[in-house]
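Student: Have a look at this one before I ask anything.
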Amino acid sequence: MREGRNWGGSALVVPALFLVAAFLLAPLALILRYSFDKYDPVKLMLGIFSPGNYVQAVADPFYQNVLSTTAYIAALSTVIVMLLAFPVAYYISRVESQRLRGWLIILTMLPLLLGNAVRSAAWMIVMGTKGVANAVMLGVGLIEEPIKILYTPTAVVIALVSVLLPFAIITLQSVMDAIPTSLEEAGQSLGHSPLRTVFEVVLPLAMPGVVAAAAISFALAMNAYATPVLIGGPTMKMMGPAVYDQIAKANNWPFGSTLACILMVVTLVLTVLSTRFLSRKYF
Amino acid sequence: MAGVTLSNIRKTYGTLAAVDDVSIEILDGELLALLGPSGCGKTTTLRMIAGFVAPTAGTVRFGGRDVTRVPVHKRNVGMVFQGYALFPHLTVAKNVEFGLKVRGWDKAKIAARVTEMLHWVQMEALAERSPRALSGGQQQRVALARAMAHEPEVLLLDEPFSALDAKLRGQMRTEIRELQRQAGITSVFVTHDQEEAMAIADRIGVMNHGRLEQLGSAEDLYKRPVSRFVAGFIGKCNFIEGHVTGPGRFETANGQALQFSGEHSIGPAALCFRPEHGVLTPLATPGNSLPVTVKAVTYLGPVTEYDLVSEAGNRLLVSASSSGEGAPKEGDKLSVAWSIGDAFVVD
């Protein structure tokens, strides 16, 4: 290896590295520091170093509940997203017409072009007690009285799934594009039905994509803010809004930071564990 | 084991006929090559035999069984793909095993068959390797073992040698031919390489523009091509334009009378002879020679090729054993002669 060339290549990452260091790592370090501080109504922070916030957060049944709800909703959303995204991604990556393929990808990305707030508002119109969904179900006689959809965990899962689907589909589709169709043909020529071939050949080869898509979905769902607030309503507590409430509403920066750090660590640990589980099973 | 019968099969995409009314009877145990330039319909024909493509019309039969509407996975074919298509996530042994479990074979039978197949292609030592760690020739052997493990009725090979380098190609060609003979399996392989087809096939079907131009042994195709395309595609050939004036009589475009063997109806045609059948001579003989000028001399070792131009502007090629003394040189004005028995006429 010639060192000069290596340095030339490495230099390309410097601007991005600087940006990440200045605007992401530094605030993270600050949050980590604040999380060990103590709140004071007058001075805001006392400048001490104690694990008190962590003890309080972990011992408090309320926050235990918020955290487990968050993890449950995120995991459920991720599983549903993966089940829905896999067939769609497979279809897009195997469609023969390049034109149709292009349109399908644009259609997939469309929800991302709407802002979080606009999309959530649209869901509120659909899922409200006098909303579109109830009107339709009443109309066709599926239900007798309007049912409550908005401000329930179900509503949050539905809305999260709709946000996460595009990420999962695009991630999976790009991995599936790299799996040659001749492998599927080989599977069929060896006596496997097309569906069985998908499970025996496509799924194991798409596993890196499945892991990546699931990790992205799970991390985004764990940290969701707008969806739980607008669709989940005031009684639905998830970690994202809880962090915000502490920092912006209660002005308790140390405790908000503690919750943020807990959220980060739990997300990271669960993602790494599930990724390793899936990887060990398939590689 | 069974033969394969294609009856008037046709495949159209929109208005384009990829395969146009092809009928072939592939005999039990025979190795048939489908040969032709790219886009001639040979691969589509193979894929219709495999079941990946449904014919627009016509029928495909394995033995007496009509399989035209039977999906691939129920046809009991073995296929070696271009580039082999080995499963990268499975070991060599698991690749060979892939088609067995799905057929409900019991464990002991599967294990015995995998060992037998790996032994057959001499790959036992590499059974636990990943296909990615194998050379091209090794991958091809695994692909063949995998295709043959479930005892298919028909073996299909799609350009099986195209991914190998020239030297290995010759070796694998002989190897596959031997393995195919041992197994006695009806086989069809697709290639664009006429030398490859001639080297290993029992019979060759030459395809062009979706049609089967001619079906026969390598010798049939070389000695008695039925069309200009076959004459030009199988080996090199000289074409002299003109028309047939009577039985065995031909007249070139500028009025010179020539003779040929075989039958041809009166009308426009081309008289042909192979480069190795031409002789350069200072003596003109009527009926089977043309005056030419030597344009270029290419020394190829054992043979030397002479590029010639006739008075009528026809470009001709003659190859002759390389001889040191008195060999023709560029610019020489000579005659090219051939024996009438070597001259034939095509449309």
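Read-outs: derived from the displayed coordinates by stated rules, not from any lab. Note that this is a predicted model, so its numbers are computed, not measured. Heads up, the Cβs are rebuilt from the backbone with ideal geometry, glycines too, and the neighbour counts pull from every protein chain shown.
Student: Please average, across the residues of A:190-198, the number of beta carbons from any other chain that are within 10 Å of each residue's own beta carbon, and give a whole number.
Tutor: 6
Student: Mind checking Rg over Rh on the range B:57-96, alpha carbons, Kirkwood formula for Rh? Walk me through the numbers before you get to the answer.
Tutor: On the way: Rg = 14.2 Å, Rh = 12.6 Å.
Checking Rg against Rh, the ratio lands at 1.13.
Student: Placing +1 at every Lys and Arg Cβ and -1 at every Asp and Glu Cβ, with all other atoms neutral, what dipole size does the range A:15-155 have around its Cα centre, in debye to the nearest 20?
Tutor: On the way: 9 positive and 6 negative charges, 76 e Å.
It comes to approximately 360 debye.
Student: What 222 nm value per residue comes from the helices of chain A, counting each DSSP H run with n ≥ 4 as -39,500 (n - 2.57) and dividing by all residues, nearest 500 deg cm²/dmol? Please list the in-between numbers first.
Tutor: On the way: 15 runs with 202 residues, N = 283.
Rounded to the nearest 500, it is -23000 deg cm²/dmol.
Student: Once phi is turned into θ = phi - 60°, what whole-Hz ³J(HN,Hα) does the Karplus curve with 6.51, -1.76 and 1.60 give for every residue of the range B:301-317, x standing for Gly and Pro?
Tutor: Result, ordered by residue: x, x, 10, 10, 9, 10, 8, 10, 10, 7, 4, 7, x, 5, 8, 10, 10 Hz.
Student: Hey, what do the phi angles of the range B:164-181 turn into as Karplus ³J(HN,Hα) couplings, whole Hz, using 6.51/-1.76/1.60 and θ = phi - 60°, x for Gly and Pro?
Tutor: Each residue's phi maps through the Karplus curve to give 9, 6, 3, 5, 5, 4, x, 5, 5, 4, 5, 4, 5, 4, 5, 5, 5, 5 Hz.
Student: Once amide H atoms are placed 1.01 Å from N in the peptide plane, what residues at a sequence separation of 5 or more from B:Asp21, or on another chain, have their amide H within under 5 Å of its amide H?
Tutor: Result for B:Asp21 returns B:Arg10, B:Lys11.
Student: Where in the range B:20-43 does the label zone of B:Asn8 land, with the point 7 angstrom along Cα→C-beta and an amide N cut-off under 15 Å?
Tutor: Correct set: B:20-24.
Student: Which of the lysines could be linked to B:Lys74 by a straight reach, that is with a Cα gap under 20 Å, when you skip same-chain ones fewer than 8 residues away?
Tutor: Straight-line reach from B:Lys74, under 20 Å: B:Lys101.
Student: Let me know the Rg and Dmax you get for the range A:17-150 when you use only its Cα atoms, in Å.
Tutor: Over the range A:17-150's Cα set, Rg and Dmax evaluate to 23.4, 66 Å.
Student: What Kirkwood Rh does chain B have if only Cα atoms enter the pairwise 1/r average? Answer in Å. Before the final figure, lay out each step's value.
Tutor: Working: mean 1/r = 0.0440 Å⁻¹.
For chain B, the Kirkwood estimate is 22.7 Å.
Student: Per residue of A:176-189, how many C-beta atoms from partner chains lie within 10 Å of its own C-beta, taken as a mean? Don't jump to the answer; show the numbers that get you there.
Tutor: Working: counts 0, 0, 0, 1, 4, 2, 8, 6, 1, 9, 13, 7, 10, 19.
What the average comes to for A:176-189 is 6.
Student: Give the long-range amide H neighbours of B:Val53: residues separated by 5 or more places, or on another chain, with amide H under 5 Å away, using H modelled in the peptide plane at 1.01 Å from N.
Tutor: Here the answer is B:Met48, since their amide H atoms fall under 5 Å of that of B:Val53.
Student: Considering the alpha-carbon set of chain A alone, what are its Rg and its Dmax in angstrom?
Tutor: Calculated on Cα positions, Rg and Dmax stand at 23.1, 76 Å.
Student: Based on the inverse mean of 1/r over its pairs of different Cα atoms, what is the Kirkwood hydrodynamic radius of the range B:87-183, in Å? Before the final figure, lay out the partial values.
Tutor: On the way: mean 1/r = 0.0727 Å⁻¹.
For the range B:87-183, the Kirkwood estimate is 13.8 Å.
Student: Another question, then. Quote the relative contact order of the range A:58-282 in percent (integer), defining contacts as alpha-carbon pairs under 8 Å separated by 6+ residues.
Tutor: Details: 243 pairs, mean separation 62.2, N = 225.
Computed over the range A:58-282, the figure is 28 percent.
Student: Anything over 30 Å Cα to Cα? Flag those among B:Lys42/B:Lys167; B:Lys11/B:Lys94; B:Lys11/B:Lys167; A:Lys38/A:Lys148; B:Lys236/B:Lys333, in the order listed. Don't skip to the answer; put the middle values down first.
Tutor: Details: B:Lys42/B:Lys167 25 Å; B:Lys11/B:Lys94 36 Å; B:Lys11/B:Lys167 36 Å; A:Lys38/A:Lys148 41 Å; B:Lys236/B:Lys333 23 Å.
Exceeds cut-off: B:Lys11/B:Lys94; B:Lys11/B:Lys167; A:Lys38/A:Lys148.
Student: HN-Hα J couplings of the range B:184-193 from phi, Karplus 6.51/-1.76/1.60, θ = phi - 60°, integer Hz, Gly and Pro as x?
Tutor: x, 9, 4, 9, 10, 10, 9, 7, 10, 9
Student: Also, quick follow-up: What is the log10 of I(q)/I(0) for the range A:91-157, computed with the Debye formula using one identical point scatterer on each Cα and no solvent, at q = 0.15, 0.17 Å⁻¹?
Tutor: -0.68, -0.76
Student: Please give the per residue volume of the convex hull enclosing the alpha carbon atoms of the range B:185-301, rounded to a whole number of Å³.
Tutor: Numbers: hull volume 17.6 nm³, N = 117.
Enclosed volume per residue, from the Cα hull, is 151 Å³.
Student: Let me understand the range B:259-347 better: what is its radius of gyration from the alpha carbons, and its Dmax, in angstrom?
Tutor: Considering the range B:259-347 through its Cα atoms, Rg and Dmax are 13.5, 43 Å.
Student: Which value results for Rg/Rh of the range B:11-136 when Rg is the Cα radius of gyration and Rh the Kirkwood radius based on the inverse mean 1/r? Write down the numbers at each step before the final one.
Tutor: On the way: Rg = 17.7 Å, Rh = 17.2 Å.
Here the Rg-to-Rh quotient is 1.03.
Student: Please list the non-local residues whose amide H lies under 5 Å from the amide H of B:Ala269, H modeled 1.01 Å from N, same-chain partners needing a gap of 5 or more.
Tutor: Close amide H contacts, sequence-distant or interchain: B:Gly242, B:His243, B:Val244.
Student: I would also like to ask the following. Could you give the semi-axes, largest first, of the ellipsoid that matches the protein assembly as shown, computed as the square roots of 5 times the alpha carbon gyration tensor eigenvalues and rounded to whole Å?
Tutor: 72, 29, 26
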